[in-house]
Amino acid sequence: MQPDRSKRVLVTGASGVLGRSLLGRPAAAGYAVRGTGRSGPPQGAGVEWARSDLATGEGLEAAVREVDTIIHAASSPRADTERIDVQGTMRLLEAARRAGVRHFLYVSIVGIDRVPFAYYRHKLAAERQVEAGRVPWTILRGTQFHDLVDGLFAGMMKLPVGFLPRDFRSQPVHVDDFADALWECVAAPPARHAPEVGGPEVLRFGEMIHSWMAAHGVKKPVLHLPLPGALATALRQGRATTPGRAVGTVTWKEWLHARYGGTALV
Ligand SMILES: NC(=O)c1ccc[n+]([C@@H]2O[C@H](COP(=O)([O-])OP(=O)(O)OC[C@H]3O[C@@H](n4cnc5c(N)ncnc54)[C@H](OP(=O)(O)O)[C@@H]3O)[C@@H](O)[C@H]2O)c1
């Protein structure tokens, strides 16, 4: 079926890990896709593109023009988070309201109300903006993508000896499974809080690191890092996981094997 140009979906953060997956998956039937962000489209994206900056509001009005649904996936966890994630979401909501957008889909994270982490407080504040806004909305929360845990482990394993909080629990999900769930939300009416999306298994870092080391060909001692504090306690207790919503289809080992080959499935 040819997409209806008046049923256009705007994807913010379209150059990011999730954004690239969203652009690479089949859009909800009948929709045309426009990507937006500060940079240009990812190579080979083949979608309409509008440059915009959530920190200043520049380009937002043009980006939301003639848009039916917004998937708001842009985020800046490491810099200017208040300005980009919270105020930027307010700016986008306001532009969306003025443009008559019918569905605002906010991408969020499992456990942001249970894990005391500054970035999560900003995500929660952005959720509150969406809930209080005048554009009909859906919020979909997901657990960590495999890619994120992979990067986290790379950082922890940089030194000649690895240091790892072995008892942290994680439920990584394939970014494509999460993208599929978002496209399903686009095809459905605004649902407010949609059922969360978690990966197929809850694992401890201490288990996950073995297959990570095999996949990366890393051989070195790994020492337990007994991190103190409320954040560590929450992650140890698995408060960023959603075992009842283990709907993802790709396990950690399967993802490592697909990405790096080698002996990750051992
Ligand atoms: N990563 C995970 O494990 C995970 C899990 C669950 C949910 N989520 C959520 O999923 C969403 C996407 O995460 P991700 O990992 O794909 O993020 P990512 O790879 O870091 O991408 C972030 C995106 O945000 C855009 N962005 C940053 N600052 C911006 C600004 N000032 N104006 C406009 N765009 C801006 C970036 O594009 P430009 O640099 O081109 O502007 C980029 O495309 C986030 O909301 C995140 O909270 C992530």
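Since every read-out is calculated from the coordinates, none of them should be taken as a lab result. Just so it is clear, the structure is predicted and the values come from calculations on it, not from any experiment. Positions of Cβ are generated from backbone atoms using ideal geometry, with glycine treated the same way; all protein chains shown enter the neighbour counts.
Charge dipole (Cα centre; +1 on Lys/Arg Cβ, -1 on Asp/Glu Cβ; no other charges) of the range 1-127 amounts to roughly 180 debye. A straight chain from Glu184 to Arg259 at 0.36 nm per residue would run longer than the Cα-Cα distance by 24.4 nm. Inter-label distance, Ala246 to Leu148: 2.0 nm, where each label sits 7 Å from its Cα along the C-beta direction. In the range 127-209, taking the dipole from charged Cβ atoms about the Cα centre, the farthest positive-side position among Ile139, Leu152, Gln129 is held by Gln129. Rounded to the nearest 20 debye, the dipole magnitude of the range 109-155 is 240 debye, with +1 charges on Lys and Arg beta carbons, -1 on Asp and Glu beta carbons, and the Cα centre as origin. Between Val67, Val115, Val218, the Gaussian network model of the chain with springs among Cα atoms under 10 angstrom shows the greatest mean-square fluctuation at Val218. If R0 equals 45 Å, the separation of the Cβ atoms of Val202 and Glu48 corresponds to a calculated FRET efficiency of about 0.70.
Highest mobility in the GNM of the chain, judged by mean-square fluctuation with C-alpha springs under 10 Å and restricted to Ala246, Ala79, Ala14, is found for Ala79.
Contact order for the chain, expressed relative to its length and based on alpha carbon pairs under 8 Å spaced 6+ residues apart, stands at 17 percent. For the chain, a crude dipole built from +1 on the beta carbon of Lys and Arg and -1 on the beta carbon of Asp and Glu, taken about the Cα centre, is about 360 debye to the nearest 20. When both the range 194-240 and the range 118-187 are represented by their alpha-carbon centers, they are found 14 Å apart.
List the relative contact order of the range 95-197 as a percent without decimals, with contacts defined as Cα pairs under 8 Å and 6+ residues apart. Please list the in-between numbers first.
Values: 118 pairs, mean separation 36.7, N = 103.
For the range 95-197, the relative contact order is 36 percent.
How much length, in nm to one decimal, is gained on full extension between Glu61 and Arg114, taken as 0.36 nm per residue of separation minus their Cα-Cα distance?
15.6 nm
Could you list, in their original order, any pairs among Lys123/Lys253; Lys123/Lys220; Lys123/Lys219 whose Cα atoms are separated by more than 31 Å? Cα-Cα > 31 Å for Lys123/Lys220; Lys123/Lys219; rest within. Using C-alpha pairs under 8 Å with a sequence gap of at least 6, the mean separation divided by the residue count of the range 23-85 gives a relative contact order of 22 percent.
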